[in-house]
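Nothing in this text is a laboratory measurement; each read-out follows from the coordinates by a stated rule. None of these values were measured; they are calculated from a predicted model. Note: ideal-geometry Cβ built from the backbone for every residue, glycine included; neighbour counts use all protein chains shown.
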Amino acid sequence: MASPPRVKLIAWLLMCLLPAPALARGGSTEVDAEVVLAVDISYSMDTEEQRLQRNGYVEALRSEQFLSALKSGPTGRVAIAYMQWAAEYDQETLIGWTLVDSPASASALADKLATAPYRRAQRTSISGAIDGAAKLFEGNGFDSARQVIDVSGDGPNNSGRPANEARDEALASGITINGLPLVGIRPYISPADIKELDLYYEDCVIGGFDAFMVPIRDLRSFVDATRTKLVREIASLPQPPERPLVTRIATRTPRISCLIGEILWRNRWGN
């Protein structure tokens, strides 16, 4: 019969053989990317758009393209959080940071997201979404070369500080902001809507290393566009050390005012 010290030694050796996430300095789990999915739940997003938006992420997480992109990274792991946003101080982390490192964990996250409750709220604060998402990276227990905020919405900023101010502050800390604007998918334009939302997102919202956006122009495009965007975010390579920390998408004068949403809101409601 093995002596207690020997039993402890055998148990320790067995534990060493078990797979475990690599730990970066500071005890954080090393991943290829940390991604906040920041989705618009303002009243301009009707129930059908909300359902399609959510389903796009659910199907993307279950897709073979996503799983292949996941395995292509150096660690084969990413961390994902899902945040809902509306007005300046209305950001809700619907699903906290989750390690995705296998088909099983991706499917579990998709299942959790599919059964999460829906809600709608007033106003549209892209700046609040960016600021709220940026805070989620602080002390989240993960470490990576890429921190990404994935903003999806159907209108310009009309609450809180200007969207480009929040963007620039996030970019200065090394965060990349990508966009999924819903461009003209409704048959009407409200007083707070703009037809050129894709230009607005490009010039006033997205930015950082390898930043991009994927406009959604019809209801049938939700799943394909969301999957394309998430796969590209996961499959992107870390920023080379010789590249500058911040790469601005719009180096020219914006083609549309970054205050257009605030102007439209004041013209219609006066505050």
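Observations, loosely collected:
- Rounded Å value of the spacing that divides the Cα centres of region 94-134 and region 38-60: 11
- Gyration tensor (alpha-carbon) shape descriptor, region 81-179, a/c threshold 1.5: oblate
- Neighbour-count ranking [beta-carbon atoms within 10 angstrom, fewest first] of 64, 88, 169: 64, 169, 88
- Remark: spin-label model distance residue 120-residue 87 equals 1.6 nm, labels positioned 7 Å along the Cα→Cβ axis.
- Summarising the amide proton neighbourhood of residue 121: residues at separation of 5 or more, or on other chains, whose placed amide H is nearer than 5 Å comprise 42, 43.
- Legend: ranking of residues 159, 125, 173 from fewest to most surrounding C-beta atoms inside 10 Å; resulting order 173, 159, 125.
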